[in-house]
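Report on the following structure.
The values are calculated or read from the model by the stated rules, or taken from the named source; none is laboratory data. Every value quoted in this text rests on a predicted model; they were computed, and no experiment measured them. Cβ atoms come from the backbone with ideal geometry, glycine included; neighbour counts cover every protein chain shown.
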Ligand SMILES: [Zn+2]
């Protein structure tokens, strides 16, 4: 007999799995425990898994499935298994069912232990941490909760339709929870379990998914994954810096990333450089590789603002693939829309010191003496980049290339368009308001943000 216990973090799966293993003579498989042991013992599995678990992310399916296969294949004589917190993803579920079939076994029952995100938070920090190897922060717990939300639906529906399924609320744990579990397993073992109507299970799953969200009780800044877009000269640099500070997440600008890769002479920098030096556009897959590398660094795992990517629809698709591979989703796109006239007006006033590279503006940032650098007295010039014809060409190229991306995100309901023909403070406030609405949509309830 084989039983799987699934559900969010801190639902009480392990306590239950240990009792089941003892009472019914089953072998407990815990991927979490295997990973903790492997990290402690510095095995290959531990080395592979460590960067994922410290960020609150799932280990890749291949790693999880390899660990499962090792355990099951080495214990084919066992009376059966209780899978503790496994499978986590649909792919793991399908792999597990195949693996059991190969060993002439079945998955006989699935116990789904329900608990709310707020309770997960409470329990995660009330628990005396025995696994000091795995860093636990409010952010990594929030990431875990969001990751769970992304994968829960398909796996729940799969099991609700394919095996004996018990959904059980562990919000208020008591002995009766285990009594229910015991009765279920005995019923599965004796073939006397009478499943509730599928409609009723579906409804219970719907209710769980609809209510599975962080609330304002959650003591965490919200890890948002954002893209910021806008025509050249719209003030994206200034506003992404505001947003970065507001959300405590890094801004990843492809311009800076290219410069760093070129300067550090990395392999990706060499490929990109070969195109740039010939005056050609860097191909989408090269840019995507550079962005992927940066998005998978640890600071970006708790949210980011991406600037300069995606510029094309294929790049937007590439971004989805990069994020999905690490159980993340794009939460919103901030679009700073400034008219061409306004941008031409703004850039026409820019002045530049060729000696110390300081920038001025004849209206917004005047030098003390007209046409002269404050720092070194050099005569200010208009940069080639700021000349009207150059700006017009750049705007045209931008609109042609990027409008499809903006439409793509608008259709997906991710776009927050901000009319940015206004003073910096006004635009900033509009942008923060849009960001709060993205947070509300992601977590339903407003968080306590100033
Ligand atoms: Zn100067």
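Kindly indicate whether any position in the stretch 17-31 is more than 26 Å from residue 105 (Cα to Cα), in contact (Cβ under 8 Å) with a residue 24 or more places away in the chain and outside the structural domain of residue 325 (by TED's automatic domain parsing). Talk me through it step by step, then tell me what you get.
Quick first cut of the stretch 17-31, residues more than 26 Å from residue 105 (Cα to Cα) only: none.
For the stretch 17-31, residues more than 26 Å from residue 105 (Cα to Cα), in contact (Cβ under 8 Å) with a residue 24 or more places away in the chain and outside the structural domain of residue 325 (by TED's automatic domain parsing): absent.
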query = Any chance the stretch 234-243 includes a residue that's at pLDDT 85 or above and under 17 Å from the mean Cα position of the chain (by Cα)?
reply = no
ask   = Restricting attention to the stretch 297-345, which residues are part of a loop (DSSP other than H, G, I, E, B), in contact (Cβ under 8 Å) with a residue 60 or more places away in the chain and within 17 Å of the chain's Cα centre (by Cα)?
value = 303, 309, 310, 326, 327, 328, 329, 330, 331
query = Where in the stretch 184-288 are there helices (runs of 4 or more DSSP H), lying fully within it, with 1 or more residues that are within 25 Å of residue 11 (Cβ to Cβ)?
reply = 198-211
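Determine which member of the set 125, 121, 58 is not assigned by TED's automatic domain parsing to the domain that holds residue 301 and not in a helix (DSSP H, G or I).
58
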key: Matching residues in the stretch 162-183 - criterion: being in a loop (DSSP other than H, G, I, E, B), in contact with a strand residue (DSSP E or B) (Cβ under 8 Å, 6 or more places away or on another chain) and surrounded by 14 or more Cβ atoms within 10 Å (Cβ to Cβ)   = 163, 170
ask   = Looking at this structure, is residue 251 farther than 30 Å from residue 421 by Cβ and in the same structural domain as residue 398 (by TED's automatic domain parsing)?
value = no
message = Among the residues of the stretch 320-338, are any closer than 21 Å to residue 269 by Cα and touching a helix residue (DSSP H, G or I) at 6+ places or on another chain (Cβ under 9 Å)?
response = yes
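Based on this model, can you work out whether residue 414 counts as crowded, with 18+ Cβ neighbours inside 10 Å and in contact with a strand residue (DSSP E or B) (Cβ under 6 Å, 6 or more places away or on another chain)? Talk me through it step by step, then tell me what you get.
Working: crowded, with 18+ Cβ neighbours inside 10 Å: yes; in contact with a strand residue (DSSP E or B) (Cβ under 6 Å, 6 or more places away or on another chain): yes.
Yes, satisfied.
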request  = Can you tell me which residue within the stretch 1-36, out of those that are within 15 Å of residue 68 (Cβ to Cβ) and part of a helix (DSSP H, G or I), is modelled with the highest pLDDT?
outcome  = 17
key: Wholly within the stretch 346-450, strands (runs of 3 or more DSSP E) carrying at least 1 residues that are within 16 Å of the ligand (Cβ to nearest atom), outside the structural domain of residue 145 (by TED's automatic domain parsing) and in contact with a helix residue (DSSP H, G or I) (Cβ under 7 Å, 6 or more places away or on another chain)   = 350-352
